[in-house]
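The structure appears right after this line, and notes come after that.
Taken together, the values in this text are just the output of simple stated rules run on the coordinates, not laboratory data. All values reported here derive from a predicted model rather than from experimental measurement. FYI the Cβ positions are ideal-geometry reconstructions off the backbone, even for glycines, and counts take in every protein chain you see.
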C-alpha cells in the first residue's frame, strides 16, 4: 500500500482515539512516519528531559516550546510563535502566576487542577513515548509528540504507585504543522482520557473559563478584537463572555504589527460545539470549554473519553471566509 495512503488511514484514528486503536498501532504509525521523514525536512523536534522542555523548530526558528518538568503542577505549551517570530502566549504573569501559556485544566471531584494554591491537583508528567518530525501526508512539515500524564489529587500525590492512584490517565498528542503559503502555524491538541481503575465515579466541573485556556500577549489587553463563527456580538469591556461556536478568533498587535489567533472546537467533544470563554479586561484571555459551570460531566472507573482542539496563529489578520474554510478543512480531515 502507498505510504501516504496508510498515513491517511492511520492518522485520524490516532487523533480521534477511536476504540480499539491502541499503543501498538500508534507505534506502527510512528515507525512509518519516521521512515517517511528520513530525508531532510524543515521541521525539527528536540526533547530535553533534563530541562523538562521540548522544542519544535521550523527552518531553525522556534515555533513551539512545551514544558513538562515533573516539579510543575501541569505540563503546558509555554511558547507558541508566528512564522514572523512573535510569541503569542504568556507564562506565569505577575497578576496570575497559574496562567501558563496554553494549558488544559478542570476540577475533578472538586479538586482544583487549574489554580495552583491551597491544595491543588497535579497533572504529573509520566513519559514522552512517541516523537516524530516529518513531512505530513498533506505535504506540510509536521512535528508530533505524545505525552502520558497522571492526574493526582492532593492525597494521592505521595503515592508509591501514581499510576494506580491517578483519578485520570491522559494520553496527550500535540501536532504542530506549518503552512508557509498561508503563513500559518497550527497546533492540534488531542487528549485521550481514561478514568483511573480505583477512582470510582468522577465528576468533572469548574468555573466558566476552565478547559483549554490561553493567556494572550500583554499588548492585546483592553484592545483585542474577538470574533466567532456564530457571528454573535461581544458586549462592552470589563465583561466575561461565553459564546457557543465552532471557532473563535482574537486579533491584536505586537510591536505595531497585526497578529491573529483562531481556536477551533471539535463537534465530537462531549456537548458538541465549544463554549468559548473570552475576556478583554483587565487582561485578554481565551478558553475552549464544555460549559462545566452549567452542567458537570460524570464518568465511571475505566471510562474513556477524548477532547480535540485546533489553534492556528498568523502574522496578519485573516478574513471570516478564510477562517471558515480552515474550519471546514479541519473538520473534513477528522471525518
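Worth pointing out:
- FRET efficiency for residue 317 and residue 109, using Cβ-Cβ distance with R0 set to 45 Å, rounded to 0.05: 0.60
- For the range 3-334, a/c is less than 1.5, where a ≥ b ≥ c are the root eigenvalues of the C-alpha gyration tensor. That puts it in the rounded class.
- Spacing of the modelled spin labels on residue 155 and residue 84, each 7 Å from Cα toward Cβ, amounts to 5.3 nm.
- Expected 222 nm ellipticity per residue - DSSP helices of 4 or more, -39500 (n - 2.57), all of the chain, to 500: -4500 deg cm²/dmol
- In units of the rule-of-thumb radius 2.2 N^0.38 Å, the range 268-334 shows an alpha carbon radius of gyration of 1.41.
- Tensor-based shape of the range 132-213 (alpha-carbon gyration tensor, a/c under 1.5 rounded, otherwise prolate or oblate): prolate
- Spherically averaged projected area of the range 245-304 from its Cα convex hull (nm²): 5.8
- Sequence-distant contacts, meaning Cα pairs under 8 Å at least 6 residues apart, place the relative contact order of the range 77-190 at 18 percent.
- Taking other C-beta atoms within 10 Å as the exposure proxy, 57, 320, 271 rank 320, 271, 57 from fewest upward.
- FRET efficiency estimate (nearest 0.05) - Cβ-Cβ, residue 61 to residue 203, R0 30 angstrom: 0.10
- Put simply, when 202-212, 40-50 are sorted by average Cβ atoms within 10 angstrom per residue, most first, you get 202-212, 40-50.
- Stretchable slack from residue 183 to residue 255, in nm (0.36 nm times residue separation minus alpha-carbon distance): 24.1 nm
- Residue order, fewest to most beta carbons within 10 Å, for 84, 215: 84, 215
- With neighbours defined as other Cβ atoms within 10 Å of a residue's Cβ, the residues 151, 330 order from fewest to most as 330, 151.
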